[in-house]
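Structure, as structure tokens:
Nothing in this text is a laboratory measurement; each read-out follows from the coordinates by a stated rule. Bear in mind that the values here come from a model prediction, so they are computed numbers and not experimental data. In this analysis, Cβ positions are derived from the backbone assuming ideal geometry, glycine residues included, and neighbour counts consider all displayed protein chains.
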Number of protein chains: 2
Amino acid sequence: MTQKIRVGIVGYGNLGRGVEKAIKQNSDFELKAVFSRRDPEGVSSEAKAVHISELDSYKEQIDVLILCGGSATDLPEQGPALAGLFHTVDSFDTHAKIPSYYESVDASARKGGKISVISTGWDPGLFSLNRLLGEAVLPEGNEYTFWGKGVSQGHSDAIRRVAGVKNGVQYTIPREEAVQRVRSGENPELSTRDKHLRECYIVAEEGADQAAIETEIKEMPNYFADYDTVVNFISEEELKRDHSNMPHGGTVLRSGRTGENSKQIIEFGLKLDSNPEFTASVLVAYARAAFKLGQAGDAGAKTVFDIPFGLLSPKSPEQLRKELL
Amino acid sequence: MTQKIRVGIVGYGNLGRGVEKAIKQNSDFELKAVFSRRDPEGVSSEAKAVHISELDSYKEQIDVLILCGGSATDLPEQGPALAGLFHTVDSFDTHAKIPSYYESVDASARKGGKISVISTGWDPGLFSLNRLLGEAVLPEGNEYTFWGKGVSQGHSDAIRRVAGVKNGVQYTIPREEAVQRVRSGENPELSTRDKHLRECYIVAEEGADQAAIETEIKEMPNYFADYDTVVNFISEEELKRDHSNMPHGGTVLRSGRTGENSKQIIEFGLKLDSNPEFTASVLVAYARAAFKLGQAGDAGAKTVFDIPFGLLSPKSPEQLRKELL
């Protein structure tokens with residue numbers, strides 16, 4: 001038995017808890033500790049909880065750190081800081097800032113002789129891989145990404161900021177007729193409104209003007225104005241009972257042509273009961289790849305585009321060729 | 001402008017013709033010649049046709065050879081022989097013999113300092129990648145591969161060997177109800193018969209006993225006995241008119257569980273008007289990867305599991321991170 005890959009989790013929200021669960025499904029991993037900014041006493045992890053300030057002293061005990069903080073403020077700081085000390089994996093997902101994030105993590109990782117896999121998960125991540133694959137295999141064609149049905153955290157936050165709204169959840173829903181048109185090879189031009197619908201479940205404060213809330217949401221620029229939006233008012237109990245899960249998913253379609261106009265369709269889809277648990281499972285597979293790349297003496301920042309799928313598996317190359325090719 | 005990747009095609013059947021078309025869609029490639037065992041006069045390629053015996057003299061003019069021969073007799077000989085002279089890409093698809101084919105191509109490629117990408121296309125190839133991905137990300141789960149609707153060459157050959165059959169085509173058809181059960185996360189146990197249906201279109205010889213033909217096909221061991229098979233008799237004109245295309249496709253599904261029983265489904269599907277043109281398009285993308293790996297000084301046999309997706313694209317890593325991640 002080879003030695004297990006020793007992992008630390010940084011940040012213990014939904015994603016960090018998902019990583020803890022995912023590690024239990026992968027017998028080649030061992031969770032050493034969960035690092036949090038909170039008082040370790042208050043962290044409910046099964047693994048040992050440690051204050052984040054003590055991370056440095058774990059350098060010899062941990063092979064890969066899985067960074068589970070948010071992309072807005074946590075990762076831009078933690079990513080470059082920790083990449084010099086440990087192999088790291090993260091799910092940095094602010095698309096526009098990926099190039100500069102890559103540069104700063106890469107510099108730090110190279111200096112420390114470590115591997116940092118950035119921006120993995122499913123989008124960015126598995127969806128990005130399929131966008132690349134579609135374009136490389138079918139250069140004459142169009143790419144369509146549909147998200148949902150699933151909860152959008154950003155849009156849910158936006159509706160909760162509207163005056164009179166006590167609580168709320170927003171679902172992004174792909175329009176089935178648009179997906180079908182793409183699947184048929186029609187190569188349609190689709191507007192923002194054609195592709196997705198937005199559905200809100202709102203708990204209003206007592207006495208609030210529901211009509212005013214609905215109007216404000218539907219007309220909110222960037223978030224809702226370009227979409228058809230449905231607003232439903234429900235009770236706090238209904239929200240808790242029916243809208244506490246975090247399902248998500250989506251589809252990346254490439255619709256291309258080859259030869260004398262042969263239609264060729266590539267489709268990659270996810271249907272997820274739990275978005276954070278799935279993202280966590282992807283992070284763990286890429287943690288394995290980070291460890292293997294590190295063992296091979298490589299260093300620097302990597303994205304899903306740089307990593308062969310073989311490294312995601314616990315199986316040997318011989319086994320993979322025999323069993324899965 | 002960097003220099004184009006100079007390609008040679010070996011074998012000019014459906015796949016070789018598909019590669020010729022695919023190269024026209026990729027401006028970073030240049031087709032130098034088509035090599036065939038036939039008299040070059042009789043080869044209808046737009047590119048220069050050359051007898052295969054002259055291949056050696058093209059060593060300095062060609063970067064990557066795309067081997068378009070069959071897996072039964074052509075590739076086992078050509079693969080190892082050519083891997084020492086050129087970077088090569090092939091679609092060797094006899095699953096059981098892949099490990100030994102890999103070994104012999106690898107030895108030859110290493111000796112010559114060349115890259116050989118073996119067994120690419122869509123199965124083996126893109127489907128294999130998705131089987132690996134599903135297993136690595138969702139270790140607790142089941143994998144289901146459905147093929148079709150599409151023409152199976154092996155089964156079509158088998159029915160054409162039946163006495164009284166003049167011509168015929170066999171379609172492998174996935175059972176929609178089985179696909180739906182998997183998509184729903186049910187994790188069903190599916191027998192061979194549950195997963196696929198076989199449909200045959202037969203042109204019988206004049207005066208042949210159609211009932212006897214039907215019985216012989218349906219009871220044929222390995223090919224049909226374990227399936228529900230539908231046999232249709234049609235005329236030669238109908239066969240030509242309605243069954244001359246080579247559509248294919250299929251679906252790889254991974255149905256897994258994470259955490260406290262969250263259902264997670266990953267699906268990868270292809271819907272192809274032309275099977276050989278699509279396979280050819282995949283070969284060309286992997287020819288680009290072979291070239292880049294060779295430029296980087298790597299050598300030996302590779303499979304899709306060993307090659308990062310970034311190498312499939314003509315874009316730079318910076319561009320890919322900015323545009324597609």
Residue A:263: which aspartates and glutamates have alpha carbons under 18 Å from its alpha carbon, excluding same-chain residues fewer than 8 sequence positions away?
A:135, A:140, A:143, A:186, A:189, B:20, B:242, B:273, B:277
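Checking the a/c ratio against 1.5 first, then a/b against b/c, what shape does the Cα gyration tensor give for chain B? Write down the numbers at each step before the final one.
Numbers: a/c = 2.10, a/b = 1.22, b/c = 1.72.
It is oblate, given that a/c is not under 1.5 and a/b is not larger than b/c.
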Along each principal axis of its Cα atoms, how long is segment B:127-272 end to end? Whole angstroms, biggest number first, please.
64, 27, 21
Projected onto their principal axes, the Cα atoms of segment B:205-305 stretch, largest extent first, over whole-Å spans of 64, 46, 25
Positive dipole terminus of segment A:127-272, leading residue within A:168, A:255, A:197 (C-beta point charges)
A:255
What average number of partner chain Cβ atoms lie no more than 10 Å from the Cβ of the residues making up B:124-135?
5
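Take every residue in peptide A:271-283, count the Cβ atoms of other chains within 10 Å of its Cβ, and give the average of those counts.
Working: counts 9, 6, 9, 8, 2, 3, 6, 9, 0, 3, 9, 4, 1.
So the per-residue partner count for this stretch is 5.
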Cα extents of the protein assembly as shown along the principal axes, largest first, in whole Å, come to 84, 54, 49
What percent does the relative contact order of segment A:210-325 come to when contacts are Cα pairs within less than 8 Å and at least six residues apart?
15
Given charges at Cβ of Lys, Arg, Asp, Glu: chain B dipole, positive-most of B:278, B:121, B:89
B:89
Let's see if you can work this out: charge +1 on each Lys and Arg Cβ, -1 on each Asp and Glu Cβ, no other charges. What is the dipole magnitude of segment A:65-164 about its Cα centre, in debye to the nearest 20?
240
For segment B:44-105, report the convex hull volume of the alpha-carbon atoms normalised per residue, in Å³, without decimals.
95
Tell me the distances, shortest first, between residue A:318 and the same position across the other copies, using label points 7 Å along Cα→Cβ, in nm to one decimal.
4.3
Estimated dipole of chain B in Debye, rounded to 20 [Cβ of Lys and Arg +1, of Asp and Glu -1, Cα centre]:
1140
Could you tell me the center-to-center distance, by alpha carbons, between segment B:1-49 and segment A:1-29 in angstrom?
49
Quick one: what does P(r) look like for segment B:1-65 with 5 Å bins over all Cα pairs, in whole %?
4, 19, 31, 25, 15, 5, 1, 0
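So what is the relative contact order for chain B, in percent, with contacts set as C-alpha pairs under 8 Å and at least six apart?
21
If I take every Cα pair under 8 Å that is 6 or more residues apart in segment B:127-272, average their sequence separation and divide by the length, what percent do I get for the relative contact order?
Relative contact order comes out at 33 percent.
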Go through A:302/B:149; A:292/B:59; A:292/B:315 and tell me which ones have a Cα-Cα distance over 29 Å in this structure.
A:302/B:149; A:292/B:59
How would you rank B:18-25, A:76-83, B:244-251, highest first, on the average number of other Cβ atoms within 10 Å across their residues?
B:18-25, A:76-83, B:244-251
Just how large is the dipole of the protein assembly as shown about the Cα centre, in debye to the nearest 20, putting +1 at every Lys and Arg Cβ and -1 at every Asp and Glu Cβ?
1500
Measure out, as a whole number of angstrom, how far apart the alpha-carbon centroids of segment B:100-160 and segment A:223-302 sit.
26
Of the listed peptides B:101-111, B:172-182, what is their order by residue-averaged count of other C-beta atoms within 10 Å, with the highest listed first?
B:101-111, B:172-182
Could you pull the copy-to-copy label distances for residue A:163, with points set 7 Å along Cα to Cβ, in nm to one decimal and sorted shortest first?
9.1
Less than 12 Å Cβ to Cβ from residue B:163, Lys/Arg counted +1 and Asp/Glu -1: what total charge do the surrounding residues give?
0
Of A:227, B:2, A:268, whose Cα points farthest to the positive end of the dipole of the protein assembly as shown (charges on the beta-carbon: +1 Lys, Arg; -1 Asp, Glu; origin at the Cα centre)?
B:2
Roughly how crowded by other chains is peptide A:312-320, in terms of the mean Cβ count from those chains within 10 Å of each of its Cβ atoms?
4
Shortest first, in nm, what separates the label point of residue A:240 from those of the same position in the other copies (7 Å along Cα→Cβ)?
7.4
Structure-based [θ]222 nm, the protein assembly as shown - -39500 (n - 2.57) summed over DSSP H runs of at least 4, per residue, nearest 500
-10000 deg cm²/dmol
